[in-house]
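Before any comments, here is the structure.
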C-alpha cells in the first residue's frame with residue numbers, strides 16, 4: 001500500500017526515514033531531534049531506527065550546527081539539519097550566506113554542498129517572537145540557495161525527498177501551523193523537481209498567488225468568492241527559488257488580475273518580487289495592478305494579536321474587490 005493518510009509532520013518524517021534508509025550518507029541532526037524527536041516530533045523514531053551516529057542532538061549553537069554540516073557536505077555526506085524555530089536560525093546566517101550559498105561558486109563547481117536546512121517557520125500557533133518569523137526573504141535574496149515552502153503533506157513529502165537528493169543547498173521552510181494538516185499521500189509518486197509551481201484551483205476571474213502557510217488561506221478565500229459568484233484561480237508556488245515564471249505568468253495571463261498572499265511583511269519581500277516579475281512579464285495582459293495581502297510591517301505581535309497580523313480570508317477578498325472590476 002503506497003497511499004497513506006498522513007499529517008505534514010508524519011509526511012516529513014517518512015521522507016527523512018526513506019532517505020536515511022536508502023543512503024547511509026544522509027544524517028539528521030540539530031537541537032533535541034534525537035531521542036525526543038524534535039519539538040514538533042518530525043524526527044520521531046529516527047534515532048531508535050538508525051542509531052545515534054545518524055540522528056543526533058547538538059549543542060544549542062546554530063552557527064556550529066550549520067558550520068559542522070558544511071564540512072560534512074563538502075566531504076561526501078548529505079546532512080539535514082533542523083533550526084528548531086525560524087528566528088533561532090539567525091546566529092547561523094553568516095554560515096549560510098558566506099559558505100553554504102557560495103561554496104560551489106567559490107570552487108568553480110569542484111565542491112558542492114548537498115545540505116538541507118529545515119526551518120519550522122511562520123505564525124499561526126500562538127507563539128511569541130523568535131518563534132513565528134517569516135524569514136523567507138533573507139534566504140531568497142541569497143544567490144546559491146534553493147528555497148522551498150510546502151503547503152500540504154504530499155508536497156512536503158515530495159519536496160523534502162527532492163531537497164535531500166539535490167546537490168545544491170536547500171532551505172526547507174515548514175509552515176508550523178500546517179504540521180497537523182492531514183491528507184492522502186502517495187509514497188511511491190515520482191519526485192517532482194524543485195522549481196515547479198502548481199495550479200491547485202482553477203478559476204477565470206482572478207489569480208491568487210501564495211506559498212506555504214498562505215495557500216490554505218487562498219483556497220478558503222476562493223471558496224468564499226465562489227459563493228459570491230466569482231471564480232478565483234489559486235497558484236501554489238511550492239518553490240520560491242527557483243521561481244516558476246512560466247506557470248505563474250500563464251495563470252495570471254489567463255485571468256488578467258492577480259493578488260499575492262503571504263504572511264511575511266510586505267516591504268522588500270518575496271511578495272514584492274512576485275509582483276515585479278509578473279508585472280514585467282504580463283503587463284499587457286493585466287486588467288488591473290497586482291494587489292498584495294501580507295503581514296504588516298511590524299515585529300511579530302503577541303499571541304492574542306496574531307490574527308490581526310496574519311492574512312485572512314476577509315483581507316484577501318477585500319483585495320479581490322479592489323481589482324478594478326468592470327461590470328457589463
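Structural remarks
- Summed over the range 41-57, the residues that are over 23 Å from the mean Cα position of the chain (by Cα), under 20 Å from residue 7 (Cβ atoms) and in a loop (DSSP other than H, G, I, E, B) give a count of 1.
- Only a single item in (1) touching a helix residue (DSSP H, G or I) at 6+ places or on another chain (Cβ under 9 Å); (2) over 24 Å from residue 156 (Cα atoms); (3) outside any helix (DSSP H, G or I) is not met by residue 288, and it is number (1).
- With respect to the conditions (1) over 22 Å from the mean Cα position of the chain (by Cα); (2) in a loop (DSSP other than H, G, I, E, B), residue 68 falls short on a single one, namely (2).
- Pairs where the first residue, in the range 63-79, is free of Cβ contacts under 8 Å to residues at least 24 places away in the same chain and the second is surrounded by fewer than 21 Cβ atoms within 10 Å (Cβ to Cβ) and outside any helix (DSSP H, G or I), C-beta under 6 Å, 6+ apart: none
- Restricting the range 317-328 to residues that are under 15 Å from residue 255 (Cβ atoms) and surrounded by 14 or more Cβ atoms within 10 Å (Cβ to Cβ) leaves a set whose member that is modelled with the lowest pLDDT is 323.
- Scan of the range 1-17 for residues that are more than 13 Å from residue 154 (Cβ to Cβ) and in a helix (DSSP H, G or I), ordered by number: 9, 13, 16, 17
- Residues satisfying the stated conditions in the range 297-316, i.e. touching a strand residue (DSSP E or B) at 6+ places or on another chain (Cβ under 8 Å) and loosely packed, with under 14 Cβ neighbours inside 10 Å: 297, 298
- Considering the range 256-286, the residues that are over 22 Å from the mean Cα position of the chain (by Cα) and surrounded by fewer than 14 Cβ atoms within 10 Å (Cβ to Cβ) include one that is farthest from residue 137 (Cα to Cα), namely 284.
- Flag for residue 120 being more than 19 Å from residue 209 (Cα to Cα) and in contact with a strand residue (DSSP E or B) (Cβ under 6 Å, 6 or more places away or on another chain): yes
- Residue in the range 131-138 that is in the same structural domain as residue 70 (by TED's automatic domain parsing), in a loop (DSSP other than H, G, I, E, B), more than 13 Å from the chain's Cα centre (by Cα) and crowded, with 22+ Cβ neighbours inside 10 Å present: yes
- Listed here are the strands (runs of 3 or more DSSP E) enclosed by the range 202-257 that have at least 1 residues being farther than 19 Å from residue 146 by Cβ: 206-210, 232-236.
- First in the range 159-185 and within 17 Å of residue 82 (Cα to Cα) and not assigned by TED's automatic domain parsing to the domain that holds residue 141, second anywhere and crowded, with 24+ Cβ neighbours inside 10 Å and modelled with pLDDT under 95, Cβ under 7 Å, 6 or more apart: none
The values are calculated or read from the model by the stated rules, or taken from the named source; none is laboratory data. The structure presented is a predicted model; accordingly, all values stated were derived computationally and were not measured. All Cβ positions, glycine included, derive from the backbone under ideal geometry; neighbour counts span all protein chains shown.
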